Amino acid sequence: MQNLEIIPFQAKLQPEFEAINREWVEELFSLEPFDIAQLQSPQETIIEKGGAIYFAKMDDQILGTVGLSKVDKHTFELIKMGVKKSAQGKGVGMFLGQQALNKAKEMGAKKVVLYTHTKLQAALKIYLKLGFKEVPVRDGKYCRCDLMMEVDV
């Protein structure tokens, strides 16, 4: 999609962050306690802990969102990537993924990890195009995730 821009989190966008992610998670899975905390309090649970949240915007409309959660000094986790149904299949997810990797590198990351599920085929295609490789799932921190991936940045 042309004219897409990336914008950082602002408190007034918390409802967009929550709605976009709530929609896909509840459609395919169920919200876990960590989801609710991140969606309702992203400033405290993600940003104040060294992470970031970004939105894909075109004109005055938010089309999608992605987060980066700080794992350690050189590792970030790609989290809460979602695109509104009306914008799916138009390159917004790829745009968000590329921007997130660029931002992670700017923030000092050497590696970005993510946890996902094999039934999220559209997302998996994006992750592979972005260079993510499957690795053994570590620590089982998410009930719904059966796949872990990582990429060096």
> In percent, how large is the relative contact order of the chain, given Cα pairs closer than 8 Å and 6 or more residues apart?
Replying inline: 19
> Counting DSSP beta bridges in the range 1-111, what percent are antiparallel, to the nearest 5?
Replying inline: 95
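Highest mean first, what order results for 84-92, 97-105 on Cβ atoms within 10 Å? Numbers along the way, then the final one.
Details: 84-92: 15.0, 97-105: 19.2.
Top to bottom by mean Cβ count within 10 Å: 97-105, 84-92.
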> Separation of the range 1-72 and the range 101-153 by C-alpha centroid, Å?
Replying inline: 16
> For the chain, which semi-axes, largest first and in whole Å, follow from the square roots of 5 times the eigenvalues of its Cα gyration tensor?
Replying inline: 20, 17, 17
> What value, in deg cm²/dmol to 500, does the helix sum -39500 (n - 2.57) over DSSP H runs of n ≥ 4 give at 222 nm once divided by the residues of the chain?
Replying inline: -10000 deg cm²/dmol
> To the nearest 20 debye, what is the magnitude of the charge dipole of the chain about its Cα centre, counting +1 on the Cβ of each Lys and Arg and -1 on the Cβ of each Asp and Glu?
Replying inline: 420
>> Under 5 Å between amide hydrogens, which residues at least 5 positions from MET81 or on another chain qualify, with H placed 1.01 Å from N in the peptide plane?
In response: GLY67
> lysines near LYS49 by alpha-carbon distance under 28 Å, same-chain residues fewer than 8 away left out - which ones?
Replying inline: LYS12, LYS57, LYS70, LYS73, LYS80, LYS84, LYS103, LYS105, LYS110, LYS111, LYS133, LYS141
>> Using only the alpha-carbon atoms of the range 36-77 as identical scatterers, what base-10 log of I(q)/I(0) does the Debye formula give at q = 0.23, 0.26, 0.33, 0.34 Å⁻¹?
In response: -0.78, -0.88, -1.07, -1.09
>> Quick one: 3J(HN,Hα) in Hz for the range 128-138, Karplus 6.51/-1.76/1.60 with θ = phi - 60°, rounded, Gly and Pro as x.
In response: 5, 5, 7, x, 5, 10, 5, 9, x, 5, 9
> Can you list the residues, at least 5 places off or on another chain, whose amide H is less than 5 Å from the amide H of VAL137, using H built in the peptide plane?
Replying inline: MET148
> Karplus couplings for the range 89-103 from phi (6.51 cos²θ - 1.76 cosθ + 1.60, θ = phi - 60°), rounded to Hz, Gly and Pro as x?
Replying inline: x, 10, x, 5, x, 5, 4, 4, x, 4, 5, 4, 5, 4, 5
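Values quoted throughout were computed directly from the atomic coordinates according to the rules given, and no laboratory measurement underlies them. These figures come from a predicted structure and were not determined experimentally. With ideal geometry, Cβ positions are generated from the backbone for all residues, glycine too; neighbour counts draw on all protein chains shown.
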